[in-house]
Amino acid sequence: MKKINLKPIFAIVICAFLFLSGCSTAYYSAMEKIGKEKRHILVDDVEDVKESQTKAQEEFKDALTRIKELYALDGGDLEIFYDKLKDSYEDCDARAVQIEKRINTVEQVAADLFSEWAGEIKQINDAKLKASSQRSLSDAKIRYKQLDLAMNKSTQGMYPVLAKLKDYTLYLKHNLNAKAVGSLGGEVVSIEREVTALIDDMNLSIREADNFIKNF
């Protein structure tokens, strides 16, 4: 049986703990020791947001599918369909929390990176090199701003949909009957429109993430 080297994994876990604990200086120092500068950390964190948004798209689609299934229900056990909708809502809600945390991490690392970058530019004596580095910083900030706007727009778009999913879940929990299913059926068009818009926003955010990573 092949022996797994747990040292790199352990180091990454410790680094993550330091960052989450607010010890950003210690975190960055620890990451540098394993070859990760702030630039690398930022790219990895943007990848994490992208991954979460990709998963969120499928989870919100699944929730919409559950509602459509309820509307088309012809007999069957309403408890089963309620449990499916509840699970879908909880998956979406948990994913939204994860995405927001990951975006907060991206924003913190980006702020720290740009601050460090600006400070180091001041230490460059050669005028041409200094001007070139300043242009690179300005370009990076512009690309990041576009990414940040797209990430936050797609994040804010999750909450109206989550609120509706929660309403539907609780309503169905209290009224497991054909009348309740009929009431929810009238909401299908509305939430389908919102889910479609949300997925479009997430696709834009994912494209901005790809563009940022490619050009950073």
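Overview of results
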| read-out | value |
| --- | --- |
| For a label point 7 Å along the Cα-to-beta-carbon line of Glu192, residues of segment 33-75 with backbone N under 15 Å | 61-73 |
| Net length gained if the chain between Thr25 and Gln146 were fully extended (0.36 nm per residue, minus Cα distance) | 40.9 nm |
| Mean projected area in nm² (Cα convex hull; one quarter of hull surface) for segment 35-194 | 11.1 nm² |
| Å² per residue, accessible surface of segment 18-166 at 1.4 Å | 54 Å² |
| Under the Karplus curve 6.51 cos²θ - 1.76 cosθ + 1.60, θ = phi - 60°, whole-Hz ³J(HN,Hα) for segment 138-155, x wherever Gly or Pro sits | 4, 5, 5, 5, 5, 5, 5, 4, 4, 5, 4, 4, 5, 4, 6, 5, 5, 5 |
| Segment 107-196: C-alpha pair distances exceeding 17 Å, % | 66 percent |
| Computed label-point distance, nm, for sites Tyr159 and Asn177 using a 7 Å Cα→Cβ extension | 3.6 nm |
| Length released on extending from Glu51 to Asn203, taking residue separation times 0.36 nm less the Cα-Cα span | 53.6 nm |
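The values are calculated or read from the model by the stated rules, or taken from the named source; none is laboratory data. No experiment lies behind these values; they were computed from the predicted model shown. Here Cβ is always computed from backbone atoms with ideal geometry, including for glycine, and neighbour counts include all displayed protein chains. Note: areas computed on protein heavy atoms with side chains; ligands, DNA, RNA excluded. Shrake-Rupley method; radii C 1.70, N 1.55, O 1.52, S 1.80 Å.
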